[in-house]
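Since the structure comes first, as structure tokens, the remarks are kept for the end.
The values are calculated or read from the model by the stated rules, or taken from the named source; none is laboratory data. For clarity, every value in this text was computed on a predicted model and none was experimentally measured. With ideal geometry, Cβ positions are generated from the backbone for all residues, glycine too; neighbour counts draw on all protein chains shown. SASA here: full protein model, heavy atoms, side chains in, ligands and nucleic acids out. Shrake-Rupley method; radii C 1.70, N 1.55, O 1.52, S 1.80 Å.
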Amino acid sequence: PDDVYNAVWIEKTPHRSMEGEEMRKAAVLLIALVLVTAWTTGISASQKGKYVFSLPLTVAVPTGDLAEISSAGWGIGFGLGYWISDGWLIDASVAYHNFGEKKVTDEVKVNGATAPIELAIAYYFFKDSIYRPYITARVGYMNYLQDFTDEWTLGQKNAPSNSLGIGMAFMRGEHGEAMLFVEPNVYATYADETFYYWTVNFGISWNFGE
């Protein structure tokens, strides 16, 4: 009986392996079909000439010298834009990025915040798809605030700044009325010294108008 059992097991093992391989191939093909269908599913209206209102929530992460006096925090903002074509979008925005508190010495704890006011231009790829990766560049001014005790003090006033980002937008609605988006950015601001920080924006935009 043991010999018979071993012979059967040896005979059937390759078949089970082949069945598992076929199932994996079928699963990969199904996922690929779903992604291709979603990627090529279009929206039925042009975005050109429409306005955009956006509302992002932000994770802000300081780097370099800024990371020595503050830690990761949060932010919020809003923007108003205009589609000059189905790919190009111009935008004006304001935001508030609040960094977390960091202990510098036993006596001193510091936290900080930035308030960028910016103009941006972005290019969105794949105009007929509901998935639209994009790149964006911003220029503007920001204030950097530091809190050493219980009162905010203005550190770098009206310092010029710029940022670069990439993102992914997911168009919703028959005419692309809404966009869900995620957008990593790197910020730089220039005053007495230059400092940098990262943000990741998560949010929603509404397209309206003609």
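The residues listed here are Val110, Val200, Val182; of these, the one that is in a strand (DSSP E or B), at pLDDT 90 or above and over 23 Å from Asp86 (Cα atoms) is Val200. Given the conditions (1) at pLDDT 60 or above; (2) surrounded by 13 or more Cβ atoms within 10 Å (Cβ to Cβ); (3) not in a strand (DSSP E or B), which single one is not true for Ile43? Status for Ile43: all satisfied but (1). For the stretch 71-101, filtering for residues that are of a type outside the set (A, V, I, L, M), part of a strand (DSSP E or B), open to solvent by less than 70 Å² (accessible area, probe 1.4 Å) and more than 17 Å from Phe181 (Cβ to Cβ) leaves 6. Can you confirm whether the stretch 165-172 contains a residue that is within 21 Å of Gly64 (Cα to Cα) and modelled with pLDDT of 70 or more? Checking the stretch 165-172: at least one residue is within 21 Å of Gly64 (Cα to Cα) and modelled with pLDDT of 70 or more.
Restricting attention to the stretch 188-199, the residues that are farther than 15 Å from Gly112 by Cα and open to solvent by less than 50 Å² (accessible area, probe 1.4 Å) add up to 1.
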